[in-house]
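Trainee: Take this structure first; my questions come after.
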Amino acid sequence: MQNGNFYNVIIIGGGLAGLTCANHLANNNLRILLIEKNKYPNHKVCGEYISNEVLDYLKTLKIDVFSAGAKKINHLNLSTADGNLIETKLPMGGFGLSRYAFDKMLYDAVKDKIEIIFDTVKAISKESTVTISNGNSFSAKIIIGAYGKRSNIDINLKRSFTEQKSPWVAVKAHYNYNFQDNLVALHNFDGGYCGLSKIEDNSVNACYLSTYKSFKKSSGIEEFQNITMSKNPYLRHFFENAELIFEKPLAIGQISFEQKNTVENGVFMIGDSAGLIHPLCGNGMAMAIHSAKILSELILEKRSINSLNNQNLELEYTRLWKKTFSSRLKSGRKIQTILLNKNATKIGLKTAKIFPSLVTSIIKKTHGNQWIQ
């Protein structure tokens, strides 16, 4: 292996987690290679609401989301499939920013500080070597997987969750629609739920998760939205009055909420590659950023005291990741089980109207503190 192809860190995937990690490590004399399959900017299936828990951390990276037009969000509307609604303030709040703008902002901040290759990773060997589609190979002391929810890399690494078929499909598009700047809405329908929130260009991001069982009853996305989802009066009003901006909605399948190993065959996983919280919790993007922070700080800490032993790093990262996120993921699974059950949702909403603090307590269980130590 030529010295020119050896790096301190290789990051596979240039989404929120990968770019955040690259930004954090870039100013510490580390030779970093980021491999991303798509050039920026591009749209991704994502709720595009981010908890304020990451704002202070982003400032330390000199990332100002409001300079890109992010919307400040502090209210939540939640409805059952038949339109029973509860309105509440978000205890911490968040902001709305498209992945198109957010990823591009993080990329622009780091592109002159690290090496970036736009290509697809084909294999990762036990010798910490990454091979891309053109046959070139690169090695590093540390390899980080930040490639998202599901990838051929997972199959290459023989991750156990890839052997299980997922029952979920997700769809996202941007619309012109009269919607409050400071609001995120979560509307249930038979087999899933849809989130609505404004982003930087004043359009509304609509992103929903549905079971295949519910989705396959329709001939396609449009029929599903106009029939199944529109049984909820709030979603019916939205789809009847909203103007689609995209040429067509984006859709992805095989979304796995199964538990994943934080480190797989020596590859450190961050973001959705490490674990995915149910989208209804509105905190997946913040978790991706937070996981990048945890791993970046550990790498720099171990390096500064000359103890960058990968085995010890694996154990410490796994411990911290579980300590930080395991409880959130568990709460997310419980919340989703309730919301996908019509009777349980109705009972839960009636209870929440009597005891409003219950909603605040549930939200806090899926979020961290604003300054993440």
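The values are calculated or read from the model by the stated rules, or taken from the named source; none is laboratory data. In this text the structure is predicted, and so the values were computed from the model without any measurement. Here Cβ is always computed from backbone atoms with ideal geometry, including for glycine, and neighbour counts include all displayed protein chains. Ligands, DNA and RNA are excluded from the accessible area calculation, which covers all protein heavy atoms including side chains. Shrake-Rupley method; radii C 1.70, N 1.55, O 1.52, S 1.80 Å.
Trainee: Being assigned to a helix (DSSP H, G or I), out of contact with any helix residue (DSSP H, G or I) (no Cβ under 8 Å at 6 or more places or on another chain) and more than 30 Å from Asn27 (Cα to Cα), is that true of even one residue in the stretch 145-153?
Mentor: Checking the stretch 145-153: at least one residue is assigned to a helix (DSSP H, G or I), out of contact with any helix residue (DSSP H, G or I) (no Cβ under 8 Å at 6 or more places or on another chain) and more than 30 Å from Asn27 (Cα to Cα).
Trainee: When you look at Leu106, is it at pLDDT 95 or above, within 30 Å of Asn226 (Cβ to Cβ) and open to solvent by less than 30 Å² (accessible area, probe 1.4 Å), yes or no?
Mentor: no
Trainee: Does Lys158 qualify as being under 23 Å from the mean Cα position of the chain (by Cα), surrounded by fewer than 18 Cβ atoms within 10 Å (Cβ to Cβ), in a loop (DSSP other than H, G, I, E, B) and not hydroxyl-bearing (Ser, Thr, Tyr)?
Mentor: Judged against the criteria, Lys158 is a match.
Trainee: Hey, another quick one. For Ile144, which of the numbered conditions (1) open to solvent by 10 Å² or more (accessible area, probe 1.4 Å); (2) of a type outside the set (Lys, Arg); (3) touching a residue at least 40 places away in the same chain (Cβ under 8 Å); (4) closer than 15 Å to Ala123 by Cα fails to hold?
Mentor: Looking at each condition in turn, Ile144 falls short on (1).
Trainee: Considering only the stretch 166-201, state which residues are over 20 Å from Ile86 (Cα atoms) and among the aromatic types (Phe, Trp, Tyr).
Mentor: Trp168, Tyr175, Tyr177
Trainee: Please specify each residue of the stretch 17-41 satisfying the condition of being open to solvent by less than 30 Å² (accessible area, probe 1.4 Å) and polar (S, T, N, Q).
Mentor: Thr20, Asn23
Trainee: Looking at (1) in contact with a helix residue (DSSP H, G or I) (Cβ under 8 Å, 6 or more places away or on another chain); (2) under 24 Å from His290 (Cβ atoms), which is the one condition that is false for Phe138?
Mentor: (2)
Trainee: May I pose another question? Of the residues that sit in the stretch 114-141 and are modelled with pLDDT under 90 and under 20 Å from Ile270 (Cα atoms), which one is most open to solvent (accessible area, probe 1.4 Å)?
Mentor: Lys126
Trainee: Output the qualifying pairs, or none if there are none: Cβ atoms under 9 angstrom, residues six or more apart or on different chains, first residue in the stretch 55-83 and among the basic types (Lys, Arg), second residue assigned to a helix (DSSP H, G or I) and surrounded by 21 or more Cβ atoms within 10 Å (Cβ to Cβ).
Mentor: Lys62/Asn23
Trainee: Looking at (1) touching a helix residue (DSSP H, G or I) at 6+ places or on another chain (Cβ under 9 Å); (2) surrounded by fewer than 21 Cβ atoms within 10 Å (Cβ to Cβ); (3) farther than 24 Å from Gly13 by Cα, which one does Leu90 not meet, given that it meets all the others?
Mentor: Unmet condition: (2).
Trainee: Answer with yes or no whether Ile144 is more than 20 Å from Ile299 (Cα to Cα) and among the β-branched types (Val, Ile, Thr).
Mentor: Criteria not met by Ile144.
Trainee: Would you kindly identify the helices (runs of 4 or more DSSP H) lying entirely within the stretch 281-366 that contain at least 1 residues that are at pLDDT 60 or above, in contact with a Ser or Thr (Cβ under 7 Å, 6 or more places away or on another chain) and of a type in the set (Phe, Trp, Tyr)?
Mentor: 310-339
Trainee: Somewhere in the stretch 40-62, is a residue small (Gly, Ala, Ser) and under 17 Å from the mean Cα position of the chain (by Cα)?
Mentor: Looking through the stretch 40-62, at least one residue is small (Gly, Ala, Ser) and under 17 Å from the mean Cα position of the chain (by Cα).
Trainee: While we're here: Condition first: open to solvent by less than 50 Å² (accessible area, probe 1.4 Å) and of a type in the set (Lys, Arg). Now tell me which residues in the stretch 161-172 satisfy that.
Mentor: The answer is Lys172, and nothing else.
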